[in-house]
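Notes follow once the structure below has been shown.
The values are calculated or read from the model by the stated rules, or taken from the named source; none is laboratory data. All of these numbers come straight from a predicted model, not from anything done at the bench. We place every Cβ from the backbone using ideal geometry, glycine too, and count neighbours over all the protein chains shown. When the accessible area is computed, the model is the full protein with side chains, heavy atoms only, and any ligands, DNA or RNA have been set aside. Shrake-Rupley method; radii C 1.70, N 1.55, O 1.52, S 1.80 Å.
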Amino acid sequence: MTTPRKPNSTVPFVDQYCSTYQHLFADVRTFECFKSLQLGLVSEVKRKTLPAIARAVGADAQAFHHFLVHSPWSVECFREQRIALTKQALNGRSITVCIDETGDKKKGKKTDYVSRQYIGNVGKIDNGIVSVHAFGLLGNITFPLLFRVFKPECRLAKNEQHKSKPKIAADLIDELCEQGFNIGLVVADSHYGESSDFINTLWKHRLHYVVAIRSNHGVWMLKGWVVRRNRWKSFERQFSNGKTETRYIREIIFGKRKATRYYEITTDIEKQPEESTWYIMTNLPGKIEKTVGNLFGDRTWVEYGFRQVKAELGWTDYKLTAYRGIEKWWEMVCSAYLMVSMQTTTMGEESEEEVPDKASESQRYPAMYTTHKWWDEKQGWKAILNNMRLMIQPFVCLSLLLPWLEVTQLNDLGKVLQNLIDKVNGFAVFLRL
């Protein structure tokens, strides 16, 4: 029996991360496609189409298409491995789970589950595909957990059951609890805050939550009970960039205070502008007027964080019509998303209390990178992505030179360099002539 060859190397941190998935792929070439896709997704390629990624990493676009559409690897097993890696990185630490949905415009009707529906990204009804997401937040770092596509009733296949977005979100919470995540808080917008199915699921798992509700939210009250609003109190809204703004909060009590509490938050207590006034519902105990506003503000981490990820990692750049292939593409993006998040000190081996310094950075990465003028010493997700792109630049540059150098494998560096020398020498002779 012939011993399988070792997979070609790419960049050390990509090889190390991807090695934990190798057992999921039946052969070396399939695993190499996975590694190349991960490398391409975090690269500086603007639109992450398969041909563009293939050019950047020196691979075959048709092999990528086969990997997503025809290769027999299991997306369910892949997701299980990604979740296992996430739990290992968290090491039992408490996280905030943010529930949100994302929609993307898609033309035509050939793509599965594309229909005219509300697309949050454009703020109106349009033709597109929508998915519901559960993201994690640890410190100032977001990371992917689970997602499910929303299936409009008009696009259901045989034997498929329609589920509302809040019901999908409730299923995601059930699955995360079954997986054993330590969920300290759940935050969501009013689409989920107004859903009894979703809220009942949170109570079933005894989870704390802060969710948005509509201004006309209804609450059952006994005869003779009245609604009263407490006095406004100020608090400092703290943002991720260190800036603060003064906000105002007051509690709304429907008859008698219960375990479920209601608050109104605004930026101006006189005008209460609609665009900067929020109504929230929570089951957090104790005196929370100074903290609940910032906890609810964690929801903006998802909106900002995932918009950034979608733009950087190519969430919408697939050219596929069958959802099975789209689901695999989205899992590839979530995997690349996690790879970047795991490079941060927040999710890495260092504790949350430790402040990274230049010494620890030099131990994690070679000095040739950390002393580079483009190296970013910040610890935000985008800063880490920029540093990763700096480290893979030599690989991408060599990949783009492959057709000109007339070689096919990047790991044969000796041949690459010799071909480069021969080309340069030949060009110099031509100039002398």
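Computed 3J(HN,Hα) for region 183-194, one whole-Hz value per residue from the Karplus formula 6.51 cos²θ - 1.76 cosθ + 1.60 where θ = phi - 60°, is 9, x, 7, 10, 10, 7, 8, 5, 4, 9, x, 8, glycine and proline marked x. Quick one: Debye curve from the C-alpha atoms of region 16-130, no solvent, what's log10 I(q)/I(0) at q = 0.19 Å⁻¹? Values, matching the q order: -1.17. Using bins of 5 Å that start at zero, the share of Cα-Cα pairs per bin across region 248-333 amounts to 3, 11, 17, 14, 12, 9, 8, 11, 9, 5, 1, in whole %. Treating each Cα of region 94-142 as an identical point scatterer and ignoring solvent, apply the Debye formula and state log10 I(q)/I(0) at q = 0.14, 0.18, 0.25, 0.30 Å⁻¹. Cα-only, vacuum Debye calculation for region 94-142: -0.44, -0.60, -0.83, -1.03.
Here the average projected area of the convex hull drawn through the C-alpha atoms of region 208-253 stands at 5.0 nm².
Summing charges over all other residues whose Cβ lies under 13 Å from the Cβ of E76, with Lys and Arg as +1 and Asp and Glu as -1, gives +1. If you roll a 1.4 Å probe over the chain with all protein chains in place, what percent of the accessible area is carbon or sulfur? Percent of accessible area from carbon and sulfur atoms in the chain: 52. Normalised by 2.2 N^0.38 Å, with N the number of residues, the alpha-carbon radius of gyration of region 56-182 equals 1.22. Membrane-span-like helices in the chain (whole DSSP H runs, Cα extent of at least 27 Å along the helix axis, mean Kyte-Doolittle hydropathy of at least 0.5): 381-405, 413-432.
Taking all protein chains together and a 1.4 Å probe, the residues S215, S36, S94 rank S215, S94, S36 from largest to smallest accessible area.
Computed from Cα atoms alone, the Kirkwood hydrodynamic radius reported for the chain is 24.3 Å. Projected onto planes of every orientation and averaged, the convex hull of the alpha-carbon atoms in region 263-313 covers 4.7 nm².
Within the assembled protein chains, the solvent-accessible surface assigned to E245 is about 90 Å², based on a 1.4 Å probe. For K151, the solvent-accessible surface with a 1.4 Å probe is about 60 Å², rounded to the nearest 10. Taking one equal scatterer on every alpha-carbon of region 109-255, how large is log10 of I(q)/I(0) by Debye at q = 0.16, 0.21 1/Å? After summing over all Cα pairs, the log10 values are -1.13, -1.38.
Rolling a 1.4 Å probe across the protein heavy atoms gives region 111-234 an accessible surface of 52 Å² per residue. Against the criterion of solvent-accessible heavy-atom surface with a 1.4 angstrom probe, H70, H133 sort, most first, into H70, H133. Across the chain, the relative contact order, built from alpha-carbon pairs under 8 Å that are at least six residues apart, equals 17 percent.
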